[in-house]
Amino acid sequence: MARDTATGGVLEQMVLPALKLGGYTFALQVDVGARPGHGRHVVDAVVQKGEERLLLSVKWQQTGGTAEQKVPFEVICLAETIRSGGYAKAYLVLGGEGWKLRQYYTSGALSEHLKGASRVEIVTLEGFIARANQGRL
């Protein structure tokens with residue numbers, strides 16, 4: 001089961017039902033390793049449909065805080081996991097209204113600064129739910 005946090009609640013109440021509706025299966029809180037400088041990186045879910053496996057990380061920012069500063073490092077970790085093999089793509093989902101850099105992150109501009117980040121897509125919670133519901137990840 002997901003962590004007992006706002007992120008965990010969003011994952012369980014919104015994201016997981018959308019994935020089910022879209023025909024995806026998933027495993028929660030998966031240690032995928034590949035964290036630069038460390039051996040452990042846990043993603044919120046590994047999502048699968050057919051043979052394609054995707055990484056999913058959900059970040060919740062209700063008010064200003066440090067989650068925003070963690071986004072680039074999370075992208076680096078996800079990109080490294082993809083590079084290591086076995087995953088087609090990763091989604092970093094930003095939920096909540098406390099993001100000052102939300103537009104910047106979801107525009108794709110961050111990938112210009114991070115080598116290998118082109119297969120990590122940063123999306124809003126609403127955008128992810130819409131795509132997952134329709135099976136279009």
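The values are calculated or read from the model by the stated rules, or taken from the named source; none is laboratory data. Quantities reported herein were computed from a predicted structural model and do not represent experimental measurements. Using ideal geometry, Cβ is built from the backbone for each residue, glycine included, and neighbour counts are taken over all protein chains shown.
List of remarks:
- From A45, A109, A67, A88, residue being out of contact with any helix residue (DSSP H, G or I) (no Cβ under 6 Å at 6 or more places or on another chain) and buried (at least 22 other Cβ atoms within 10 Å of the Cβ): A45
- If you go through the range 106-118 and keep only what is within 15 Å of the chain's Cα centre (by Cα) and part of a helix (DSSP H, G or I), you end up with T106, L110, S111, A117, S118.
- Taking (1) buried (at least 16 other Cβ atoms within 10 Å of the Cβ); (2) not in a strand (DSSP E or B) in turn, E121 satisfies each apart from (2).
- K100, sole failed condition from (1) farther than 19 Å from T25 by Cα; (2) touching a Leu at 6+ places or on another chain (Cβ under 6 Å): (2)
- Listed by first and then second residue, the pairs with beta-carbon distance under 8 Å, at least 6 apart or on different chains, first residue in the range 109-137 and farther than 19 Å from K49 by Cα, second in a loop (DSSP other than H, G, I, E, B), are I122/G108; L125/G96.
- Annotation for the range 89-105: at least one member residue is in a loop (DSSP other than H, G, I, E, B) and either of a type in the set (A, V, I, L, M) or more than 21 Å from L11 (Cα to Cα) (or both).
- Condition met for A109 (within 16 Å of V42 (Cα to Cα) and modelled with pLDDT of 90 or more): no
- Residue match in the range 71-91 (condition: in contact with a Ser or Thr (Cβ under 8 Å, 6 or more places away or on another chain) and among the polar types (S, T, N, Q)): no
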